Amino acid sequence: MIASVKRLVRGPLIRSTNYTIESSTHLFLYVFNQLHIVFMRIVPQSIRVWWQKFLQDIFIAILKVGPIPEHVSFIMDGNRRYAKSNNLPLKKGHEAGGFTLLTLVYICKKMGVKCVSAYAFSIENFNRSEEEVQTLMTLFNAKLEEFANRAQDYKDPLYGSKLRIIGDKRLLTPETRNKLKEVERLTQDGKDFTFYVCFPYTSRNDIQHAIYKNSKEYTEKKIKLNDINLNKFSEKMYLDEFSQKCDILIRTSGHRRLSDYMLWQSHQNSTIEFVPTLWPDFTFTQMCLIFFRWSFFTTIQMYNNDEGTSQYPWKTFMPNIPFMNKNHYEPLESLADPPVSVSILG
Amino acid sequence: MTMTEAHAIKTKYLNGNGKFVVDNGNADMTGSTGSSFHIPPPAASRMKGGSANTKRRTVQAISKSIFVDNRNINTSSTIKSQNDKNNNKATTTAVSSNTFWKSENTNYFKFTFYKIVLAILFFMFGIFRYGQLQYNKSKLKILDLLYNPSNTPQLIRQDVVKLNKIPSRLAAILEVKPIGDVGGGLKGILNDASELVSWTISAGVKHLSLYDYDGVLQKNTDELRNAIYEHLSIYYGPANVPNFAIRIPHFNKVLYNKKGQGDIKSKVAIEVSLLSNRDGRETIVDLTRTMAELCSNKELNVDDITVDLVDTELKQLVGQEPDLLLYFGPSLDLQGYPPWHIRLTEFFWEEDNNQVTYSVFIRGLKQYAGCKVNVGK
């Protein structure tokens with residue numbers, strides 16, 4: 001008992017110093033987090049793990065019956081600040097970030113999200129120091145191989161997922177490019193879940209690439225001019241069928257900008273969430289609360305949009321009253337004749 | 001009801017040569033419902049549209065959601081099915097009803113149980129959310145009292161001088177609210193726009209882009225010019241109203257000051273550009289078409305299409321990238337703002353705010369002063 005109290009007292013409860021409370025949602029999260037941390041420090045490890053897993057499974061199962069986003073996207077910001085604030089080498093920060101990503105991808109897959117994309121490396125990141133770029137590359141390769149192996153192992157929860165690495169691959173060395181191709185080939189049969197890793201990617205590059213591809217195909221007479229339109233344009237982009245829209249875009253570490261990521265996908269009717277936590281600290285709870293919030297508002301939106309359509313079974317049994325239906329218009333001639341008009345002047 | 005229809009309407013303006021013709025008969029776009037073709041993200045749509053906003057309706061939506069099986073109906077597919085409702089209504093219902101019973105790991109009772117639990121959680125969240133809404137609203141009211149420009153440019157400048165940097169280009173997303181609301185209708189949006197212009201001039205920012213989805217401001221330039229002139233004369237006195245230029249990139253037009261004052265060649269205090277949804281994705285697609293034609297006519301090499309080239313073209317067609325984007329709505333909804341131009345733009349909006357107020361403006365500038373941009377590093 002004394003030991004557990006000691007454990008409680010020791011050190012600040014929140015690990016990261018960059019945690020700021022900006023709104024009442026964050027306050028709620030903060031209190032929740034604190035309570036959970038206290039709870040976690042009191043109970044023994046085995047119960048702790050079991051309890052965590054149980055909570056996760058239950059919450060996923062509950063969320064699964066509601067509306068689920070199709071395309072979720074992450075901007076993983078704050079790895080280096082995490083390393084700095086915890087006095088770790090930079091590499092450890094990136095490793096922690098990679099671990100968080102794989103965990104969250106697994107949860108998304110379990111929840112029934114069809115596609116997850118993550119901003120692993122920006123084209124602008126080549127401006128960083130040579131050493132850091134190099135470590136990032138090696139780490140990235142290792143993580144990809146791990147993912148590919150897990151996607152092939154039928155016992156693993158990530159089994160059956162497809163890995164795609166998108167971006168301007170001309171900027172990479174030939175060896176890396178071959179390796180990426182090999183990893184992509186290993187997982188190409190995955191159907192129900194796609195994981196896009198944006199590796200040297202910027203959204204402007206993506207749009208430019210689509211323009212280039214369209215122009216090229218037009219000059220080669222593969223498509224007509226009419227085929228270049230709003231719907232077909234995004235098919236030429238890197239993210240295949242998910243290029244049209246990204247349902248939830250999550251950016252960690254509190255910056256409120258997109259930093260050249262998913263501009264085309266998220267600039268209309270998509271939810272953009274800016275979270276103050278650093279990426280390695282971004283947990284299951286926080287992500288699920290974001291999903292829950294989205295699910296809540298989507299339920300209401302769907303109800304408001306789809307009232308009277310086939311969504312609600314009892315609506316089909318309702319009689320169709322002509323003048324209650326606003327889409328139905330009758331011409332003036334079809335109205336019944338009015339009574340005879342008589343003037344008082346005789 | 002979405003992109004395709006909006007597209008169909010927009011293409012009415014398109015002449016054969018790719019030049020745009022203003023259709024005067026369409027001035028009734030400022031109807032009672034505001035942006036008619038835009039589907040906002042879920043959280044933002046909650047706050048819009050009068051009748052969809054009541055507590056009773058929320059309770060109805062949640063309780064009826066228990067009976068809806070949306071495991072196979074994703075949001076995008078519902079939007080799609082709205083688009084061609086008549087075509088494949090039968091097929092979509094068939095698919096959903098089939099899989100509902102035949103899916104292997106469906107346990108009907110388990111499913112219903114989870115549905116009910118989810119609805120209960122939704123109710124709890126709804127109550128929490130109501131409290132949060134009230135809290136945010138009162139916070140905003142207090143902020144409004146704290147930051148009040150009182151139509152005095154000196155006060156605004158005093159607020160801005162404290163900051164260590166201000167954006168050189170500012171953008172704002174405005175929307176036409178329903179006519180019954182506070183600040184609704186065409187009058188409302190004109191008033192908001194001209195207030196913003198006055199604040200921006202007083203803060204010392206030289207460029208302002210005003211975006212509204214339907215392009216209502218673009219269609220009512222005369223009224224806008226008059227409104228801005230009136231507001232500026234309230235701020236600076238009728239004798240020395242600062243010069244302003246209004247630029248409409250889409251029609252390639254520049255207008256100066258109030259109508260009838262003619263072109264004034266002296267320095268302008270602010271350049272206001274008016275953008276609409278047309279300047280977003282569609283402009284990029286139009287650019288692609290032009291480039292494709294140029295390429296097939298051998299006037300342009302395909303390999304010359306680089307990010308820089310596209311950037312210069314889009315800068316000419318739409319304008320520069322803003323540094324700070326203000327949104328005066330309840331939760332961030334970019335409404336199709338030109339995607340190429342929000343690369344490093346800072347966003348600012350206040351939770352649950354629904355009005356164009358000075359407190360949002362100045363707090364946005366404060367956030368910008370505190371932010372650190374490091375491209376790639």
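The values are calculated or read from the model by the stated rules, or taken from the named source; none is laboratory data. Because the structure is a prediction, the values reported are computed rather than measured. Here the Cβ positions follow ideal geometry from the backbone for every residue, glycine too, while neighbour counts run over all protein chains shown. To get the accessible areas, we keep the full protein, side chains included, count just its heavy atoms, and leave off ligands, DNA and RNA. Shrake-Rupley method; radii C 1.70, N 1.55, O 1.52, S 1.80 Å.
Below, the figures for the structure above:
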read-out	value
Set of aspartates and glutamates near B:Lys187 by C-alpha distance (under 19 Å), chain-local residues within fewer than 8 positions excluded	B:Asp28, B:Glu175, B:Glu195, B:Asp212, B:Asp214, B:Asp222, B:Glu223, B:Glu230
Within-13-Å neighbourhood charge of B:Pro167 [Cβ basis; K, R +1; D, E -1]	+2
Protein-only accessible surface order, largest first, of B:Glu313, A:Glu273 at 1.4 Å	B:Glu313, A:Glu273
Fully extended contour minus Cα-Cα distance, from A:Phe28 to A:Gln134, at 0.36 nm per residue	34.2 nm
Aspartates and glutamates with Cα under 19 Å of A:Lys179, excluding same-chain neighbours fewer than 8 positions away	A:Glu145, A:Glu146, A:Asp168, A:Asp189
Exercise: per-residue mean of other protein chain Cβ atoms within 10 Å, B:115-125	4
Phi to ³J(HN,Hα) by Karplus 6.51 cos²θ - 1.76 cosθ + 1.60 over segment B:239-256, Hz, x for Gly, Pro	6, 10, 6, x, 6, 9, 10, 10, 10, 10, x, 5, 9, 6, 10, 10, 10, 10
Cα gyration tensor category, rounded, prolate or oblate, for segment B:315-377 with a/c compared to 1.5	oblate
GNM flexibility winner over chain A from A:Arg204, A:Arg251, A:Arg170 (Cα, springs under 10 Å)	A:Arg170
When each of A:Lys114/B:Lys139; A:Lys169/A:Lys221; A:Lys191/A:Lys236 is checked by Cα-Cα distance, pairs over 28 Å	A:Lys114/B:Lys139
Gyration tensor verdict on segment A:183-286 (Cα atoms; rounded if a/c is under 1.5, prolate if a/b is larger than b/c, oblate otherwise)	prolate
Residue-level accessible surface for A:Glu330, protein heavy atoms, 1.4 Å, Å²	110 Å²
Distant-in-sequence amide H partners of A:Thr194 (H built 1.01 Å from N, under 5 Å)	A:Cys115, A:Val116, A:Lys162
Contact order normalised by residue count of segment B:197-315, Cα under 8 Å, 6+ apart, percent	29 percent
Among B:315-322, B:137-144, B:201-208, the order from most to least packed when residues are scored by Cβ within 10 Å on average	B:201-208, B:315-322, B:137-144
Whole-Hz couplings from phi, Karplus 6.51/-1.76/1.60, listed for segment B:267-273; x for Gly and Pro	4, 9, 7, 8, 10, 9, 10
On Cα atoms only, tilt of A:24-42 relative to the major axis of chain A in degrees	40 degrees
Where A:Ser253, A:Ser341 fall by accessible area, highest first, once all protein chains stay in place (1.4 Å)	A:Ser341, A:Ser253
Per-residue mean of C-beta atoms belonging to partner chains within 10 Å, peptide A:286-298	4
Karplus (6.51, -1.76, 1.60) ³J(HN,Hα), θ = phi - 60°, over segment B:313-324, in Hz, Gly and Pro reported as x	4, 6, 4, 5, 6, 10, x, 7, 7, x, 8, 9
Cα long-axis angle, helix A:203-219 against chain A (0 to 90 degrees, to the nearest 10)	60 degrees
Surface accessible to a 1.4 Å probe, B:Leu309 within the full protein complex, Å²	50 Å²
Sequence-separation-based contact order of segment A:82-236, relative, with Cα cut under 8 Å and 6+ spacing, percent	26 percent
Amide H within-cut-off set for B:Ser209, under 5 Å, with H built and near neighbours excluded	B:Leu170, B:Ala171, B:Ala172, B:Ser273
Most fluctuating residue given options A:Pro44, A:Pro157, A:Pro331, as computed from a GNM of chain A linking Cα atoms under 10 Å	A:Pro331
Aspartates and glutamates whose Cα lies under 18 Å from that of A:Lys84, excluding same-chain neighbours fewer than 8 positions away	A:Glu95, A:Glu131, A:Glu132, A:Asp281
Placed amide H near A:Thr202: partners under 5 Å, 5+ positions off or other chain	A:Ile123, A:Asp168
Highest-MSF residue in chain A out of A:Thr103, A:Thr252, A:Thr219 [GNM, Cα springs under 10 Å]	A:Thr219
